Amino acid sequence: VLKLIDRYDLYGQVAYPKHHKQTDVPHIYRLAAKTKGVFINPALVEPFGLTIIEAAAYGLPVVATKNGGPVDILKVLSNGLLVDPHDAAAITAALLSLLADKSRWSECRRSGLRNIHRFSWPHHCRLYLSHVAASCDHPAPHQLLRVPPSPSSSSAAAAAAGGGGAAASSEPLSDSLRDLSLRISVDAASPDLSAGDSAAAILDALRRRRSTDRPAASSAARAIGFAPGRRQSLLVVAIDCYGDDGKPNVEQLKKVVELAMSAGDGDDAGGRGYVLSTGMTIPEAVDALRACGADPAGFDALICSSGAEICYPWKGEQLAADEEYAGHVAFRWPGDHVRSAVPRLGKADGAQEADLAVDAAACSVHCHAYAAKDASKVKKVDWIRQALRMRGFRCNLVYTRACTRLNVVPLSASRPRALRYLSIQWGIDLSKVAVLVGEKGDTDRERLLPGLHRTVILPGMVAAGSEELLRDEDGFTTEDVVAMDSPNIVTLADGQDIAAAAADLLKAI
């Protein structure tokens, strides 16, 4: 190009900087637009054409190759001409037509500035969401969380239908009435009902019958007619109570559950739900709650296996994992392909095969569990994660149960993501969620701290944690990745009345 400038004596008419900074680019576009110039992109093939969009943003008409992305861009912007990059005469004619015809140049300039917003991020988001909405107008029935109307509306409707009769109880309907239809059989509902009874009388009879059939919940795990769709807030117990042997510390867990239930009592107790978030499996979590005298049905959900599974104890004795959540976390889950790689990569130098072995009893479809005999014989989470990624496996790894178990779960599964899933499914804003954590715990504890939810750190609740296996000592610390001075993170002081302080904090959500 420099030789061509010399051959045709174009000095003073060509700006050809040998190098420029990123901050110089806008000035170059502005100079060309101010001098009524044209931007040309004569690439043989242009995959996209970001420079054409940049030129349009500065009001500069363009001449671009007809091979690739510029075809679609100019169809939207209408701010220039397409040419065959192999045809020198066509390129010359296109440039001269824009430079000589000032009205055409001005029209291309106005058109580019008028339509450039169609390549902005907000417009892209609106377009994307419109396509999503068009495809999700009629979601499958299993994709919806079906909940009955709110207690106030139910009471008003029942009173109106009963012709001014007794108002329905303010207690939320139990989940056995979730699928209640107007086509119920009053004969099967209660011998005291008849087809002529009012809606208020029918609902009142069904409610009384349900209350007599339902066993009383324990004092530590009382809940008012489980209806998560009506919950206004959530209290999440994510304190990892284990002994040095890795078994659940029943005494501490009992203290934590009783504290959570007592702190959650108040005027809005019926609108507050309880969730247990743990690294244990579903059967282990249920057994641990029962061992400390708590009723598992007192919790709206159990987040188990470090976020790989969610179950709902109030649905009955069949503690099955949520299939919708299982399908969500299964995305790009390597499954059995990673199962044999973890013991090979996770053992430290000199470790025996039994130092990190598959724990079949703790495994599930989306959680590979491994028993670790000695923390000094296994490698840390960050090292194993990097080794797996180098082999194409992207997973979340969590040491739990006081460094005696390693959970390998899908990349889309974690305790914070499971909590977000529940908030979306139940329509509860994360600002109305409080998470109780200990001063130490599983290696994913620091991921529970930040977020829109309120985090309450309770001292003296955890005897043994697993964080020593998170990263090397010379690596970054929790304070480097979590803003501990955030107003959403509250640490209670030693000697403070934890129950009273926690109750006061929960009033704010």
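The values are calculated or read from the model by the stated rules, or taken from the named source; none is laboratory data. Everything numeric here is computed off the predicted structure, so don't read it as measured data. Cβ coordinates were reconstructed from backbone atoms using ideal geometry, including for glycine residues, and neighbour counts include every protein chain displayed. These area figures cover heavy atoms from the full protein model, side chains too; ligands, DNA and RNA do not enter into them. Shrake-Rupley method; radii C 1.70, N 1.55, O 1.52, S 1.80 Å.
Residues that are small (Gly, Ala, Ser) number at least 1 in the following strands (runs of 3 or more DSSP E) confined to region 246-344: 272-277, 301-304. Contact map, region 8-31: first residue in contact (Cβ under 8 Å) with a residue 12 or more places away in the chain, second residue charged (D, E, K, R), Cβ cut-off under 9 Å, separation 6 or more or different chains; pairs are 25/54; 26/54; 29/54.
Assessment of region 85-103 against the conditions (assigned to a loop (DSSP other than H, G, I, E, B), among the acidic types (Asp, Glu) and surrounded by fewer than 17 Cβ atoms within 10 Å (Cβ to Cβ)) yields at least one matching residue.
Screening residue 318 on (1) under 19 Å from residue 405 (Cα atoms); (2) surrounded by fewer than 21 Cβ atoms within 10 Å (Cβ to Cβ); (3) not hydrophobic (A, V, I, L, M, F, W, C) shows it passes everything except condition (1). Within region 26-63, the only residue that satisfies the criterion of being over 44 Å from the mean Cα position of the chain (by Cα), surrounded by fewer than 13 Cβ atoms within 10 Å (Cβ to Cβ) and of a type outside the set (D, E, K, R) is 35. The strands (runs of 3 or more DSSP E) falling completely within region 357-417 that include 1 or more residues that are under 11 Å from residue 338 (Cβ atoms) and within 21 Å of the chain's Cα centre (by Cα) map to 395-400, 405-410. Restricting attention to region 104-121 and to residues that are open to solvent by less than 70 Å² (accessible area, probe 1.4 Å) and of a type outside the set (A, V, I, L, M), the residue that is modelled with the lowest pLDDT turns out to be 120. Among the conditions (1) touching a residue at least 40 places away in the same chain (Cβ under 8 Å); (2) open to solvent by less than 50 Å² (accessible area, probe 1.4 Å), residue 451 misses just one, which is (1). Here is a check on your reading of the model: is residue 300 within 21 Å of residue 362 (Cβ to Cβ) and of a type in the set (D, E, K, R)? No.
Checked against (1) open to solvent by 10 Å² or more (accessible area, probe 1.4 Å); (2) aromatic (Phe, Trp, Tyr); (3) not assigned by the TED database to the domain that holds residue 253, residue 370 passes all but condition (1).
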